[in-house]
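A.B. asks: Mind having a look at this structure? Questions to follow.
FYI, it's all coordinate maths here, none of it is from the lab. Since this is a predicted model, take the numbers as computed values, not measurements. Cβ sites come from the backbone with ideal geometry, for glycine too, and all protein chains shown count toward neighbours.
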């Protein structure tokens, strides 16, 4: 413990000595340690106590109800199916946090599986929550909190507010088994970045090495940083807590232009630069006006009434100024130039695509 205390004091001194710049971020905000993550749990259950808004013809709900009553030593007669308008088959989901211990409470989400109209006022019967390995890690039960509302009339009209067929049970599940993370027995600790970047991985490893004054951290690739650590949960937890609060300056994001073709949204990050280029953008409008009129040739006794077509075609081209981009134009320059020529989001996409094809924009163009 004396050696750990000395290590902590020396690390704090190094953190003060190597003060990070104002734009630095904590390592804990850049990623997570391998193995220290939540796990998804899923279960199949029955919600009872509904006011006639449950499932009416779902075999899964019938089987679930029979299985539920069998827990209490009851057996329904063969060929008899219970009326299930007041019950509904549901799927129950929850996230099991890292280091969760037996007895802790979890929030669960309950969603209708069949045609249940609303789960408002329902109660979830004891349901086992299983992980990906099909082992039981929690048990869920409780009254649902439903934020939606559904009302239907005799003529078939319906009104729904939010989603009444799904709800939540705050603290509705109890952890029954802990998940081994393996962080205390692995040969090394591995820190994984949320976004792959070689420069950021190198800076994280360098920040850890400068803090501890050795070469215990090394970047394995653009995501993972391997850290040598002594075995044992206590020492590793201490080191992980110190590493999470080290501040490093992440690398600048690569130049990207994101285009959402469905909504017309265009996002340009600050790393985009424009090489020397000239842009001229005009709008061509073609309008066709049809004015048919009825004519009656003379003499009226032998003439035939007809419809005479009358069309007027007009072409209008809106003149726009020529925009000259100088070398190294920034995001501000691009926005000003595009606004100057009055380009819409769709027009901006066309301009950016043309700049990309002309080699004047060295950025990745992503179309969603």
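A.B. asks: Calculate the FRET efficiency for residue 346 and residue 176 from the Cβ-Cβ distance with a Förster distance of 56 Å, rounded to the nearest 0.05.
C.D. replies: 0.50
A.B. asks: Using 0.36 nm times the number of residues separating residue 145 and residue 267, minus their current alpha carbon distance, what extension gain do you get? Let's see the in-between values first.
C.D. replies: On the way: separation 122, 0.36 × 122 = 43.92 nm, distance 3.84 nm.
Here the segment from residue 145 to residue 267 would lengthen by 40.1 nm.
A.B. asks: Given axes a ≥ b ≥ c from the Cα gyration tensor, I'd like to know whether segment 232-282 is rounded (a/c under 1.5), prolate (a/b larger than b/c) or oblate.
C.D. replies: prolate
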